[in-house]
Amino acid sequence: MQSDHVDEIVEQWKSQRPDLDTSGMAIIGRLSRLDKQIRPILDEVFARHGLESWEFDVLATLLRAGEPHQLTPGQLLESTMITSGAMTNRIDRLEQRGLINRAKSTSDRRQVLVTLTEAGRVIVDTAVSDHADNERRIVAALSTRQQEQLIALLRNLHLSVAKHPSLPDRTPSNERRSHSSESGGPVLRQQS
C-alpha cells in the first residue's frame, strides 16, 4: 500500500513520542487534508454556475425541500452550521441576485418564507447535476463496496462528534431521526 504525508507525520511522532496513540491523527489529519484538497475542486464547479459554495448550499436546500421550494429562515438555518445573523446576510444577498424571494406567510403574518425563484431553480438544478458528477469523480478511486463502508464509518464518526459532550450538538434535527441499517449503523437523510 502506498503511503502518504500523514503516514510520514505519524511515523515521526512514533519516533519522537512512542507513548502517543496517533490513531486519531491518522484519521483527522487525512480528513483535514482531504477537505483542503476537495474544497477547491467543488468550488470550481460552483463558480462555473456563478455560485459560491454557501449560495449553492442555500439554493440546494430549497430545491430539496420540494414544491413550492420554500422554507422559513429557521428551517434553512437548521440545515446549516451558521449563525442566524449569517443566514440573514445570505438570504439578503441571494434575494439581491434574484435567486430567492422573501415574503410574509399568508397563513401566519409573523412568519417569513424564503422561496426559490425560477432563476434560482434553473441555476441550482443545473449546478447540482454537475456537483453530483464532480463528487462521483472525486470518489471514483474507491470501489462501490469501499464507498459504502466509508459512508457508514463517516456517518458513525459524524454522529459521535455531534453528540460529544464538550461540543454543541450541531446535527440538524432531520439527521437525529435515524433508523437501524443492515450494517448496524443509523441511516441518515442526505443533506446536499
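The values are calculated or read from the model by the stated rules, or taken from the named source; none is laboratory data. Computed from a prediction, not measured in an experiment: that's the story for all the values here. Virtual Cβ from ideal backbone geometry, glycine too; neighbours counted across all protein chains shown. These accessible areas exclude ligands, DNA and RNA; they are computed on the full protein's heavy atoms, side chains included. Shrake-Rupley method; radii C 1.70, N 1.55, O 1.52, S 1.80 Å.
Tabulated results
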{"item": "Portion, in percent, of the accessible area of the chain that falls on carbon or sulfur, probe 1.4 Å", "result": "53 percent"}
{"item": "Global form of the stretch 119-163, assessed from the alpha-carbon gyration tensor, a/c cut-off 1.5", "result": "oblate"}
{"item": "Solvent-accessible surface (1.4 angstrom probe) belonging to Phe56, in square angstrom, nearest 10", "result": "0 Å²"}
{"item": "Listed residues His164, His49 arranged by accessible area, highest first, probe 1.4 Å", "result": "His164, His49"}
{"item": "Nearest-ten-degree value, helix 53-64 long axis tilted from longest Cα axis of the chain", "result": "60 degrees"}
{"item": "For the chain: rounded, prolate or oblate by the Cα gyration tensor [a/c cutoff 1.5]", "result": "prolate"}
{"item": "Set of aspartates and glutamates with alpha-carbon distance to Lys163 below 20 Å, sequence-local pairs under 8 removed", "result": "Glu78, Glu175"}
{"item": "Cα centroid of the stretch 73-94 to Cα centroid of the stretch 111-170, whole Å", "result": "18 Å"}
{"item": "Nearest-20 debye value, the chain charge dipole, Cβ charges on Lys, Arg, Asp, Glu", "result": "540 debye"}
{"item": "Extension reserve of the Glu135-Gln37 stretch, reckoned as 0.36 nm per residue once the Cα distance is removed", "result": "34.0 nm"}
{"item": "Of Asn134, Val112, Ser32, farthest towards positive along the dipole that unit charges on Lys, Arg, Asp, Glu beta carbons give the chain", "result": "Val112"}
{"item": "Whole-number accessible area per residue in Å² for the chain, which is evaluated in the context of all protein chains at 1.4 Å", "result": "66 Å²"}
